[in-house]
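Let me begin by presenting the structure, written as structure tokens, before commenting on it.
Each value in this text was obtained by applying a stated rule to the coordinates, not by laboratory testing. Note that the coordinates shown come from a computational prediction; the quantities given were computed from them, not determined experimentally. Counting neighbours? That spans all protein chains shown, and the Cβs are built from the backbone with ideal geometry, glycine included.
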Number of protein chains: 2
Amino acid sequence: MRNQIDRHRADALKALEEVGNRVASQVLNGEELSLEIPVRTLANVVWDSKSKLLKLGSKKLKREFLDMGEARRFMQTVLMLSLIVRAIREGDYPTIRDLYYAGKHTLEYIDEFGKLRREETWDTQKESDSIIQDLEVLTGHLREHMGILHDTKGKIVGRIVIRSGTDTIDCSRMGDGAYSIPPNPDSLELLSVDADYILVIEKDAIFNRLNKERFWEKNRCLLITGKGQPDRSTRRMVRRLWEEHGLPVYVLTDADPYGFYIYSVYRSGSITLGYESERLATPRARFLGLTVTDIYDYKIPRNFIIKAKERDVKRAQELLNYPWFRESKEWVRQLKLFLEKQEKVEIEALSGYGFKFLTEKYLPEKLSTGAWIE
Amino acid sequence: MRNQIDRHRADALKALEEVGNRVASQVLNGEELSLEIPVRTLANVVWDSKSKLLKLGSKKLKREFLDMGEARRFMQTVLMLSLIVRAIREGDYPTIRDLYYAGKHTLEYIDEFGKLRREETWDTQKESDSIIQDLEVLTGHLREHMGILHDTKGKIVGRIVIRSGTDTIDCSRMGDGAYSIPPNPDSLELLSVDADYILVIEKDAIFNRLNKERFWEKNRCLLITGKGQPDRSTRRMVRRLWEEHGLPVYVLTDADPYGFYIYSVYRSGSITLGYESERLATPRARFLGLTVTDIYDYKIPRNFIIKAKERDVKRAQELLNYPWFRESKEWVRQLKLFLEKQEKVEIEALSGYGFKFLTEKYLPEKLSTGAWIE
């Protein structure tokens, strides 16, 4: 499997080198330097109703060195390219923040009035991260494949055996702990999966409780948490399990627009990173709960109900504009009910009915009656 | 080992039942109801210079049912006690948030003017969490021993073999991932530890990088991260490894007061939770870096240096008041230099010298020359 990691990096390296070579030959041939980069803005993100995925459209921008408005970003692109190429060649695994610092330096130049000027290669990590994204769409390789690291939040537990490097990891033998998902899940070989479905849990503490109760064992499932808004690694892991092993994916969050948005990210990706969705999103992910109607169907006591804040209302309105919500009658009903009532509830509120209510009643009932939303 | 978990819970249960029985016998004997609870406020937290630990002093408060100012908290204490006792008896593992909801209800009563009034058992989780802490100091048992769960953030990797329940976990066989530390590290049996020291890393992404480089293998150490401000589980895990296996503990953070504070929490505990320190703190933990003087000794480029914010300055001043900083000449020097220069630097800034600088130069140099701060 080391081979496959190496292959990913080797492929990414080749693609990056090709970009570099193209620029170099422009220099050698005395041509004007330019790079063609697919546009990542909202205007070029299209909702593909059939595959139920956000996809990058066909628009490309020409980033030219001799364009005053583009020269800086052109320089940044070539700089980042060289940093990543060097890291791969030297077997380094920098984080996105490492890359920011490694490339950050001050350029001095004399302007047209003879005055000495200074400019930073980039001022913030937002700038350097954005360039990494450009290189992802330009080469078609995820940064994970380039061996670029980042914070990871995901945990998994259940009957799945994974190979990472030369290690074989049995996620059903983690005791009260769990396997912390590595930055690049594509480096994992999924040796065997013995489960009927995946339960993706928003909250880490609830994941810990279900793990402690060995819910995954009793219910033949895998438990995964991304601890709130999931990182790319967790999303990629869920996607691979769905795609390669055909496991249905159920998402469990609080009954509030933030929870619904987390579901949305697992399912369709984030709009601003539409280009990732084809590899990170799980377009058939189902929302198991808590739904807005659950608040009333399960007669959640009034004093467990939290009044929605303005940002909840705003987010719900945004969600109603997302095609994957708008195309679902049930989601439209849920979101409209939320906007009408402006009330939300946390998953722990079910503990008012006893600590076993979630695992012995709510989840089995939802799963057996097919009461999820798609 | 299941036995030991059970023993922890059984011991905690016994202690909780004793408190309950004491109250019950007060009722039966027609005595005034009261509980004696060690005071947890700053006024009763003492710095023990010899053990280098924050400890709870001897002050106790009498919480009386027939005291208008205390009746509510008395009721809350007995309510929480009953919830936890029931959870242990029924084999449930609630989270602190579950307990908040399970106990939250509205009490109705007629006041002295004949008017119907309503009061919530508790309004916020802060209130119910505080009562759990009261029960911890009252019984001398950590909530982890009572089987109460919470969010966990800690990860560990390296040559350590752990038993959790019936599972044996080899943390040197986690591939690019790691073992996610469970909520109650006291339920773990540390079967074998083959390492010279523990490197505690503030940042998750840096942990991932060092893991990817197999730093722990090349340097015979264990890597642990608590992802910023560590949770109780991570702190308890570090403490156990230091106490039971005599491993030196080195902490690696950014060069800023927030990083120094994280070190302080590992070393001495947080002032507001002084009662935990005896079990959660590692009084001999050493600060490896980055120090304030590193900024200048390693000639960090000016454009990598970040201007301190007001809250950094405030925190540095606070740290100077903590006995464990004040008692250390070197820490006083570092903090005074920080207050003078008002500059900070992130660990990733070292990548300006190449991605291998941290692991192949900075860390080996610091460790071999003993250039840590205590």
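Ascending distances from the residue B:105 label point to its copies in the other chains, with the point 7 Å along the Cα-to-beta-carbon line: 6.9 nm. Peptide B:150-156 shows a mean partner chain C-beta count of 5 within 10 Å per residue C-beta. Averaged over its residues, how many other protein chain Cβ atoms are within 10 Å of peptide B:177-190's Cβ atoms? Across the residues of B:177-190, the mean count of other-chain Cβ atoms within 10 Å is 6.
Note on chain A: antiparallel DSSP beta bridges, both residues inside, total approximately 70 percent of the bridges counted. Zone of residue B:189 (label point 7 Å along Cα→Cβ, backbone N under 12 Å): which residues in the stretch B:79-117? Correct set: none at all.
Less than 5 angstrom separates the built amide H of residue B:47 from those of B:55, all sequence-distant by 5 or more or on a different chain. Mind checking the mean number of beta-carbon atoms from other chains within 10 Å of the Cβ atoms in B:200-210? Counting Cβ atoms of other protein chains within 10 Å of each residue's Cβ and averaging gives 5. Against chain B, whose longest principal axis comes from its Cα atoms, helix B:257-268 is set at around 60 degrees.
A DSSP coil position with no more than 16 other Cβ atoms inside 10 Å describes the following trypsin sites (Lys or Arg not before Pro) in the stretch A:88-127: A:115.
Rounded, prolate or oblate: which one fits chain B, using the alpha carbon gyration tensor with axes a ≥ b ≥ c (rounded when a/c is under 1.5, else prolate when a/b beats b/c, else oblate)? In terms of gyration-tensor shape, prolate. For chain A, the longest principal axis of the Cα atoms and the long axis of helix A:329-341 meet at an angle of about 80 degrees. Taking 7 Å steps out from each Cα toward its Cβ at residue A:278 and residue A:360 produces label points 4.9 nm apart.
Note on residue A:330 and residue A:90: their simple-model spin labels are 5.3 nm apart, each label 7 Å out from Cα toward Cβ. Restricting attention to the stretch B:124-241, the count of lysine pairs at 8 or more positions apart or across chains with alpha carbons under 13 Å apart stands at 5. Considering only alpha-carbon pairs that sit under 8 angstrom and 6 or more positions apart, the relative contact order computed for the stretch A:2-139 is 23 percent.
What separates the residue B:31 label point from its copies, with the point 7 Å along Cα to Cβ, is 9.3 nm, written shortest first. Each helix, a run of at least 4 DSSP H residues, gives -39500 (n - 2.57); summed and divided by the residues of chain A, these come to -12500 deg cm²/dmol at 222 nm.
Residue B:123 label point (Cα plus 7 Å toward Cβ) to equivalent points in the other copies: 4.3 nm, shortest first. In the elastic network of chain B, a GNM with C-alpha springs shorter than 10 Å, the most mobile of B:66, B:190, B:138 is B:66. Chain A residue nearest the axis that carries A onto B, by Cβ, with distance in whole Å, is A:180, 2. Relative contact order for chain A: 14 percent, from Cα pairs under 8 Å spaced at least 6 residues apart, divided by residue count.
Here the Gaussian network model covers chain A, with springs between Cα atoms less than 10 Å apart; of A:225, A:95, A:106, A:106 fluctuates the most. A Gaussian network model of chain A, with springs between Cα atoms under 10 Å, assigns the largest mean-square fluctuation among A:35, A:107, A:149 to A:107. If you take the Cα centroid of the stretch B:267-301 and the Cα centroid of the stretch B:222-255, the two points sit 11 Å apart.
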